[in-house]
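**Q** Dropping the structure in here first, questions after.
The values are calculated or read from the model by the stated rules, or taken from the named source; none is laboratory data. Owing to the predicted nature of the structure, the values given are computational and were not obtained by experimental measurement. Every residue, glycine among them, receives a Cβ derived from its backbone with ideal geometry; neighbour counts consider all protein chains shown. SASA here: full protein model, heavy atoms, side chains in, ligands and nucleic acids out. Shrake-Rupley method; radii C 1.70, N 1.55, O 1.52, S 1.80 Å.
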Amino acid sequence: GYLSLTRGDGGQNLIGAELRDGLGVIRTQELLAARRIDGGVQFFSRANDFGFSKTAEETLATWDKDEVLADMVRVIRTFRPDVIITRFSPEPGGTHGHHTASAQLAIEAVKLAADPSALREQLPGLAPWQARRVVWNAWVGRGGVTPEGLLALDVGGYDPLVGESFGEIAARSRTQHKSQGFGALSSRGSALEHFRHLAGEPA
C-alpha cells in the first residue's frame, strides 16, 4: 500500500502549463499509473499541498492535523499493514516541511490506529489495528546518513512470474511521475536499502 498525504498540486510541472488543481489531477493519475505497474494499492488523505514549506511546524499549522490523522488511521485500520515505512525522516532539516510532517504524523497515527478509544465517532465500525513497527527508509551515502545502526535489506530480488527484477519494476513505476521528472534506471542484482527504527517492535 502507498499513502500519499497530498496530491502534489502545490509543486511544479515539468511537462505542461497546468498548476494547482490541474497539476493535482495529473499527479493523481501518475500515482495511479505507477501502482498499476508495481501492484500496490494507492491511498490519499485530505492534506493540502500548499507549496514549499520550510518546516513541519509550518505545515501542521496550515493543515487540519486532526483531519489528516483521521485519514491516516482509516488507511491503517483498513489496509492493516504489519510494517509502515516512511520515505522521510521525522527529524527536521534537509527536506520539505510536508515530508517531515508526514513522518511525524505516521508515528502518531500508528498509536491512534491501535487505540480502541481513538476516533470512534469519526471512524465507526473500523476495528483497531496494531502495526508491528514504523521504520524510515533512510538515505545512505551522499547527503544522507551513515549505515551504522541501521537495518540493511537486500531488495534486489527477481519476480519469475513477471520476468523482471524488483529494480526493473520499480524503475518503470517511478518513471510514471513525468511531471516531476522522476525517471529512473532499471537494475538487476543486489540492491541494499537501509531502515532506521522509529516506533513499535524493533526488527
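**Q** Give, in nm to one decimal, the length gained when the segment between residue 37 and residue 67 is fully stretched (0.36 nm per residue of separation minus the Cα-Cα distance).
**A** Working: separation 30, 0.36 × 30 = 10.80 nm, distance 3.01 nm.
Stretched out fully, the residue 37 to residue 67 stretch lengthens by 7.8 nm.
**Q** Among 54, 111, what's the order by accessible area (1.4 angstrom probe), most exposed first?
**A** Values: 54 165, 111 140 Å².
Ranked from most to least accessible, the order is 54, 111.
**Q** Also: Test of understanding: what is the full-extension gain from residue 127 to residue 151, defined as 0.36 nm times their sequence separation minus their Cα-Cα distance?
**A** Details: separation 24, 0.36 × 24 = 8.64 nm, distance 3.08 nm.
Gain in length upon complete extension: 5.6 nm.
**Q** Here is a further query. Net charge within 14 Å of residue 82 by Cβ-Cβ distance, Lys/Arg positive one each and Asp/Glu negative one each, not counting residue 82 itself? Please report the intermediate quantities before stating the final value.
**A** Numbers: positive: 77, 80, 132, 133; negative: 201.
Within the 14 Å Cβ shell, the charges total +3.
**Q** For the chain, compute Rg over Rh where Rg is the Cα radius of gyration and Rh is the Kirkwood radius from the inverse mean 1/r over Cα pairs.
**A** Radius of gyration relative to Kirkwood radius: 0.96.
**Q** Under 5 Å between amide hydrogens, which residues at least 5 positions from residue 198 or on another chain qualify, with H placed 1.01 Å from N in the peptide plane?
**A** 134, 135, 136
**Q** Cross-link partners among lysines for residue 65, C-alpha distance below 26 Å, same-chain residues fewer than 8 apart left out?
**A** Reachable lysines: 54, 111.
**Q** Let me ask something else. List the residues whose amide H sits under 5 Å from the amide H of residue 158, counting only those 5 or more places along or on another chain, with H placed 1.01 Å from N in the peptide plane.
**A** It is 166, by chain and number.
**Q** Which Cα, out of 135, 122, 166, lies furthest along the positive dipole direction of the stretch 120-179 (beta carbon charges, K/R +1, D/E -1)?
**A** Positive-most Cα among the choices belongs to 122.
**Q** Now a separate question. So how strong a dipole does the stretch 53-203 carry about its Cα centre when Lys and Arg Cβ are +1 and Asp and Glu Cβ are -1, to the nearest 20 debye? Intermediate values should be presented prior to the final figure.
**A** Numbers: 16 positive and 18 negative charges, 56 e Å.
Here the stretch 53-203 has a charge dipole of around 260 debye.
**Q** Under the definition of Cα pairs under 8 Å and six or more residues apart, what whole-number percent is the relative contact order of the chain?
**A** Numbers: 364 pairs, mean separation 44.8, N = 203.
Once normalised by length, the contact order is 22 percent.
**Q** Let me ask something else about it. Mind giving me the nanometre distance, one decimal, between the label points for residue 117 and residue 161, set 7 Å out from Cα along Cα→Cβ?
**A** For residue 117 paired with residue 161, the spin-label model returns 4.3 nm.
**Q** Working with all protein chains in place, sort 57, 18, 67 by solvent-accessible area computed with a 1.4 Å probe, largest first.
**A** Numbers: 57 120, 18 85, 67 60 Å².
Listed by decreasing accessible area, they come as 57, 18, 67.
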